[in-house]
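Notes to accompany the following structure.
The values are calculated or read from the model by the stated rules, or taken from the named source; none is laboratory data. Predicted model, so just to flag it, every value in this text is computed and none were measured. No Cβ is skipped: glycine too gets one built from the backbone with ideal geometry, and neighbour counts run over all protein chains shown. SASA here: full protein model, heavy atoms, side chains in, ligands and nucleic acids out. Shrake-Rupley method; radii C 1.70, N 1.55, O 1.52, S 1.80 Å.
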Amino acid sequence: MAQSSIPARFGAAVRRAARRRPVPIGLVLLLVAGALTGWWLSSNASPGYPKGEIGFSTGVQRGVYDRYGQLLQGYVSTAMPGVRMRLDNSQGSVDNLERVAAGRDDFAISTADAVAGFNSPSKWHLRAIARLYDDYLQLVVPADSKVRRTADLRGLRVGVGQEKSGVNLVTRKLLAAAGLDIDKDVRPALLGVGDAADQLRDGRIDAFFWSGGLPTTALTDLSERYRIRIVPLADLAEALHQQEGGGGTDAYRAATIPKDAYPKAEPAGTAVPTVAVPNLLVTRDDVDPDLVQGVTRAVIDSRDTIGSQVHAAQLVDLRTAVYTDPLPLHEGARRYYTSIKP
């Protein structure tokens, strides 16, 4: 460090100490060097984030949101000392938005279509941290089912997700796109993915819809104990886009469930064309920017660690994380992305 960069008070301390006896000048210089080191580190340190408990609303048990939250919780506890992430299970995307908007939780995951359709006045206080990964729409039936397309569900017992879930939101749209009314043309069962998988195996429902990252543990487990098939949904992609004049449905895109997502599903080795929707990590505008900046860093830095257990997390991409339409980025997230920009 150049002499001119040393604060004047440290130079004066050296001169005063040198005139005193019997303190050895070497000891004085050592103490001053330590003070200089502390001054340099503190002047270059990033702003501190508030410590304490933060709430993270995940989703139904055995779903991808739930598992992602568990792994992020562990990562944050190490990457952000002093921050304790509390995990709260919920019905899904819509419930998550309500919980964050009301201040019951600080962070949550939600699908972009749920955000677009969220009508609460508090919506305007919601902010995004990152675009995470896409959810794939999945219609699951027994392998020997006669259901080959969504319209074949007429009159059947169908799991449609819990009332405040993103699954229920998009299922209503999918059924409408296929010419079916969820309340009149099928026998709906408000079930999370774990319960839906159990009831399909037990013969209590004929099919269920799921919207989640790939693979979803509950579906993997089901396919290993029971013969299932995933029905293609890509034929409804354009109809989804056209609903409500296209407003609020631009998040949907045609996609393909890879053949190795559920290797035990039948017929084996077959990719399934479907529809996908992005997931956003959401917070509120009044959450501390330094805290949000730290959480944003943890989300990006943990991609490979979490992705080793939750495949969908491998798709978190720094290049696309900032595309969080229909929500603007939180100031803390913006600071993080700006800080790492080349």
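For first residues located in the range 148-164 and over 15 Å from LEU190 (Cβ atoms), partners that are open to solvent by 60 Å² or more (accessible area, probe 1.4 Å) and lie 6+ apart or on another chain with Cβ distances below 9 Å form the pairs ARG149/ASP235; THR150/ASP235; ASP152/LYS146; GLY155/ARG187; LEU156/ARG187.
In this entry, ARG157 passes the filter for residues that are closer than 24 Å to THR220 by Cβ, modelled with pLDDT of 95 or more, open to solvent by 50 Å² or more (accessible area, probe 1.4 Å) and in contact with a strand residue (DSSP E or B) (Cβ under 6 Å, 6 or more places away or on another chain). Candidates are the residues of the range 131-150 that are acidic (Asp, Glu) and within 16 Å of ILE109 (Cα to Cα); the one that is surrounded by the most Cβ atoms within 10 Å (Cβ to Cβ) is ASP135. Evaluate the following for ARG86: is it out of contact with any strand residue (DSSP E or B) (no Cβ under 7 Å at 6 or more places or on another chain), at pLDDT 50 or above, open to solvent by 70 Å² or more (accessible area, probe 1.4 Å) and closer than 30 Å to LEU291 by Cα? No. Of the helices (runs of 4 or more DSSP H) entirely within the range 76-186, those holding at least 1 residues that are farther than 30 Å from ASP206 by Cα occupy 93-101, 112-116. Any residue at all in the range 309-317 that is open to solvent by 50 Å² or more (accessible area, probe 1.4 Å) and farther than 23 Å from ASP66 by Cβ? No, the range 309-317 has no match at all. The residues of the range 189-221 that are crowded, with 20+ Cβ neighbours inside 10 Å, over 21 Å from TYR65 (Cβ atoms) and of a type outside the set (Gly, Ala, Ser), listed by number, are ILE205, ASP206.
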